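The values are calculated or read from the model by the stated rules, or taken from the named source; none is laboratory data. Keep in mind it's a predicted model, so treat the numbers as computed, not measured. For neighbour counting, all protein chains shown are included, and Cβ atoms are generated from backbone atoms with ideal geometry for every residue, glycine included. Note: accessible area is taken over every heavy atom of the protein model, side chains too, but ligands, DNA and RNA are not part of it. Shrake-Rupley method; radii C 1.70, N 1.55, O 1.52, S 1.80 Å.
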Amino acid sequence: MFCYQCEQTAKGTGCDTFGVCGKDPKTAVMQDLLVYVTKGVSNWAVRARKLGVVSREADIFVIEALFTTITNVNFDSDTLINLIRTGVRVRDSIRDLYFSACKDKGLEPDELSGPAVWPMPTDEEAFENEAVKLSIADRLDDPGKDITGLEELITYGLKGSASYVDHAQILGFEDDDVYAFFHESLDFLTRKNTVEDLFAMVLKVGEKNLRVMELLDSANTGTYGHPEPTEVRVTPIKGKAIVVSGHDLKDLEELLKQTEGKGINIYTHGEMLPTLAYPGLKKYSHLVGNYGGAWQDQQKEFDAFPGAILMTTNCIQKPKNSYMDRIFTTGLVQWPGVAHIDDHDYSAVIEAALAADGFIEDAPEKKIMIGFARNAVLSVADKVIQAVKDGDIRHFFLVGGCDGAKSGRNYYTDLAMQIPDDCIILTLACGKYRFNKLPFGDIGGIPRLLDVGQCNDAHSAIQIAVALAGAFECGVNDLPLSMILSWYEQKAVTILLSLLYLGIKDIRLGPTLPAFLTPAALEILVDKFNIMPTTTPEDDLKAILG
Ligand code: SF4
Ligand code: SF3
């Protein structure tokens, strides 16, 4: 195996014997093979679309397959093998549709090679050998590390974006141009491209992901209303309990409906925290607060949680035996041996919660403020702008992104604590847990820490920045705003590409730079965007504030 798609990759270069995340070699090569087959689907889908033939099956398959291969989503090689088989069936069906459209129009169909015609072996051993042969490791020699790194940057951007497309689609929000783009870019990846072509595609992925995040924002706010500033409890209360982790709002809503009146308290975890600010979700009185922090603390936190656990999207870690029988996955998340919930039927989760002890007493009350997405912040924009003009607000910091287990991430806690009192901190995604329970106070009634939401709410943060730039009649790069981002998995990659597409400069990225970016690729990013690694909180603050 060889995998270097996330920040915690072994030795900062690549996991080559076993994933630091817990991914075994078979699962790793099956993920690579799934991505390979997905490209084959898109090879035909892109051509069929040119002739007016659209296959919903192909569109949805590509999105789900990419999402499945994001870090910490699916650790079950059997599921992956089934998906590869489905992919080949979907590929052949869209190929047939393309052939008949060509025939109808009297056209000669394109002759394709590679993933478009990959012959799937029938026996298990040959299947695994093929997966090894077609894995990333093979491409590091030919076409080489620079090209492969840029191809993977595009692929990882697409993976992250696919997760947002999936969430929006579940709520009934879709855009055909988005599906078309996924096919175009995957088809592009099967060609021999120059560094310049690849780099142009990197920015196109960022551009399209802006549309995708907008779509998901419409899905979430259109279905559940705009997040409102909300004080939420972060300590448990007495009673039976279910904790829900991940990003999928629909899963939470369905669980809330099914647990109503059952005497079970529902807690959010990880990236679910922002859902406590949505009117359509916080109206459920048994949605009582947030439990725990970011994903990497789950083994300790779930072990201590006296109820059932539901993982809705990524960031599952190897479950400990102590909670193996009360953790459940849903959607695309899978761990071998963990019960998977289909079609929003949560009866097994409810049963497990009722069988567990629940919290035997209330913990001391502790609350934090959340819910500062674009609508809430822009409704007080006049006050914010005036505070900047009066010199009461000196600078804005966007400190957020993914959290992770590797050492060095206390940088973000130290930084947030050292940011001077006349500065505002915007935050989002699970990286916020490094500091979101600390007291930051306010500036003339404006809280100094504004939690914008989930990682996909980077869309909201961008809207806020654009509105500020409009008010000050300058570009986003000229605002007193600095972005200090933490990354871990591929959703952070796609958000970074969107920021680069917008031309945002001077982004600080940590705790380490992506292993898949070779010095040559980094040089381009530094030249064009002055992107830089985080150093120390002291030095970075000095460089920013002078
Ligand atoms: Fe390693 Fe990250 Fe890949 Fe897991 S996802 S195998 S930790 S690089
Ligand atoms: Fe976190 Fe997994 Fe990335 Fe949505 S929940 S940001 S790491």
Exercise for the section: Hey, could you check the range 388-409 for residues that are open to solvent by 90 Å² or more (accessible area, probe 1.4 Å) and either in contact with a strand residue (DSSP E or B) (Cβ under 8 Å, 6 or more places away or on another chain) or basic (Lys, Arg) (or both) and say which is modelled with the highest pLDDT? Expected result: 394
Practice task
Scan the range 241-255 for residues that are surrounded by 22 or more Cβ atoms within 10 Å (Cβ to Cβ) and either within 13 Å of ligand 2 (Cβ to nearest atom) or not acidic (Asp, Glu) (or both) and jot them down.
Solution key: 241, 242, 243, 244, 245, 246, 247, 248, 249, 252, 255
Exercise for the section: Would you confirm whether any residue within the range 95-108 is surrounded by fewer than 17 Cβ atoms within 10 Å (Cβ to Cβ) and touching a helix residue (DSSP H, G or I) at 6+ places or on another chain (Cβ under 6 Å)? Expected result: no
Practice task
Give the range 212-236 a look and list any residue that's open to solvent by 40 Å² or more (accessible area, probe 1.4 Å) and either assigned to a loop (DSSP other than H, G, I, E, B) or hydroxyl-bearing (Ser, Thr, Tyr) (or both), or say none.
Solution key: 218, 223, 226, 228, 229
Exercise for the section: Check the range 31-42 and report whether any residue there is in contact with a strand residue (DSSP E or B) (Cβ under 9 Å, 6 or more places away or on another chain) and within 16 Å of ligand 2 (Cβ to nearest atom). Expected result: no
Practice task
Would you check if residue 292 is in contact (Cβ under 8 Å) with a residue 24 or more places away in the chain, surrounded by fewer than 17 Cβ atoms within 10 Å (Cβ to Cβ) and of a type outside the set (Phe, Trp, Tyr)?
Solution key: no
Problem - Candidate set from the range 410-434 (those that are surrounded by fewer than 21 Cβ atoms within 10 Å (Cβ to Cβ) and of a type outside the set (Ser, Thr, Tyr)); member that is nearest to the chain's Cα centre (by Cα) - result: 410
Completion exercise
Within the range 371-387, the count of residues that are in a helix (DSSP H, G or I) and surrounded by 19 or more Cβ atoms within 10 Å (Cβ to Cβ) comes to 5
Problem - The one condition in (1) within 10 Å of ligand 1 (Cβ to nearest atom); (2) over 23 Å from residue 209 (Cβ atoms) that residue 88 fails to fulfil - result: (1)
Problem - Identity of the residue in the range 7-28, part of a helix (DSSP H, G or I) and open to solvent by 10 Å² or more (accessible area, probe 1.4 Å), that ends up nearest to residue 492 (Cα to Cα) - result: 12
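Restricting attention to the range 47-67, which residues are among the hydrophobic types (A, V, I, L, M, F, W, C), over 19 Å from the mean Cα position of the chain (by Cα), open to solvent by 10 Å² or more (accessible area, probe 1.4 Å) and under 16 Å from residue 92 (Cβ atoms)?
If the condition is that a residue be among the hydrophobic types (A, V, I, L, M, F, W, C), over 19 Å from the mean Cα position of the chain (by Cα), open to solvent by 10 Å² or more (accessible area, probe 1.4 Å) and under 16 Å from residue 92 (Cβ atoms), then 53 is the only one that fits.
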Handout entry: Single unsatisfied condition, residue 425 versus (1) within 25 Å of residue 530 (Cβ to Cβ); (2) away from ligand 2 (no atom under 16 Å from the Cβ); (3) in contact (Cβ under 8 Å) with a residue 40 or more places away in the chain
Key = (3)
Handout entry: Subset of the range 114-131 [surrounded by 17 or more Cβ atoms within 10 Å (Cβ to Cβ) and more than 17 Å from residue 82 (Cβ to Cβ)]
Key = 115, 116
Fill in the blank from the handout: So, first residue more than 12 Å from residue 151 (Cα to Cα) in the range 192-217, second residue assigned to a helix (DSSP H, G or I) and open to solvent by 50 Å² or more (accessible area, probe 1.4 Å), Cβ within less than 6 Å, six or more apart or across chains; the pairs are 203/501; 206/501; 207/501
Exercise for the section: Filter the range 486-519 down to the residues that are of a type in the set (Gly, Ala, Ser) and touching a residue at least 60 places away in the same chain (Cβ under 8 Å), then identify the one that is farthest from residue 16 (Cα to Cα). Expected result: 498
Completion exercise
All-but-one check, residue 78 against (1) away from ligand 1 (no atom under 16 Å from the Cβ); (2) at pLDDT 95 or above; (3) open to solvent by 20 Å² or more (accessible area, probe 1.4 Å); (4) within 22 Å of residue 127 (Cα to Cα), failing number (2)
Handout entry: The one condition in (1) more than 22 Å from residue 425 (Cβ to Cβ); (2) hydrophobic (A, V, I, L, M, F, W, C); (3) under 22 Å from the mean Cα position of the chain (by Cα) that residue 521 fails to fulfil
Key = (3)
Problem - Test: residue 159 is out of contact with any strand residue (DSSP E or B) (no Cβ under 7 Å at 6 or more places or on another chain), open to solvent by 50 Å² or more (accessible area, probe 1.4 Å) and part of a helix (DSSP H, G or I) - result: no
